[in-house]
Amino acid sequence: MNIYLVGFMGTGKSSVGRQLAKDKCWNFVDLDELIELKEQRRIVEIFAKDGEAYFRKIEKKILKQVSSQKGFVVACGGGIVLDKANIALMKKSGMMFCLSATAGEILKRVSSSSDRPLLNVENPRKRIDLLLKMRAPYYMQADKVVDTTGLSVRQVAGKISRAACAGR
Ligand code: S3P
């Protein structure tokens, strides 16, 4: 099986995923990194040149490839849950954990970079609030939602590791 980490941008999926893979001696993969590698360009460029729909197509394809492997901790892009076939695939091939954080915390974590095309807007806080509201029903479909507020990367990884063992 695999462990899929989903959740909004800036909730720590990549850092937690790396730690979790280390703790469990599993492989780690970051879907956004794989997409950039495959496309040989940054995600911002993909969005700017070919649009979000094209990005989602590639994201779905890469998820399919990764889900055919076993023993991976997979950090997913924040929008992966928007396609219900992606959710079904993650659940079929592993467990899906959603990391959550408050809008204020997310804003703090993402404001140091401009790599996220969906938040490169005049009022990112407003956009975060809107997207969080729209996406809540999708994120809630995870096997478990882990609130990361006030927790270190190690603590979040530990919580997921224990829940994954219990849920097997
Ligand atoms: C997106 C999240 C990003 C990346 C893309 C779209 C989203 O990944 O896949 O910019 O729709 O929430 P992170 O969640 O790793 O930032």
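Quick one: in the stretch 63-112, which of the residues that are at pLDDT 95 or above and among the polar types (S, T, N, Q) is nearest to Arg125 (Cα to Cα)?
If we take residues in the stretch 63-112 being at pLDDT 95 or above and among the polar types (S, T, N, Q), then Thr102 is nearest to Arg125 (Cα to Cα).
Scan the stretch 33-82 residue by residue and report those that are part of a loop (DSSP other than H, G, I, E, B) and within 11 Å of the ligand (Cβ to nearest atom).
Arg42, Cys76, Gly77, Gly78, Gly79
State yes or no: is Val81 touching a Phe, Trp or Tyr at 6+ places or on another chain (Cβ under 6 Å), crowded, with 18+ Cβ neighbours inside 10 Å and β-branched (Val, Ile, Thr)?
yes
Which ones in the stretch 3-31 are among the polar types (S, T, N, Q) and either near the ligand (Cβ under 9 Å from one of its atoms) or in a helix (DSSP H, G or I) (or both)?
Within the stretch 3-31, Thr11, Ser14, Ser15, Gln19 meet the criteria.
Which residue pairs have Cβ atoms closer than 6 Å, lie 6 or more positions apart in sequence or on different chains, and pair a first residue in the stretch 125-142 that is free of Cβ contacts under 8 Å to residues at least 40 places away in the same chain with a second residue that is surrounded by fewer than 16 Cβ atoms within 10 Å (Cβ to Cβ)?
Arg127/Val121
Which one of these does Leu151 not meet: (1) out of contact with any strand residue (DSSP E or B) (no Cβ under 6 Å at 6 or more places or on another chain); (2) within 13 Å of the ligand (Cβ to nearest atom)?
Status for Leu151: all satisfied but (2).
The values are calculated or read from the model by the stated rules, or taken from the named source; none is laboratory data. On a predicted model such as this, the values are computed, not experimentally measured, just so you know. Note that we place each Cβ from the backbone using ideal geometry, even for glycine, and neighbour counts take in every protein chain shown.
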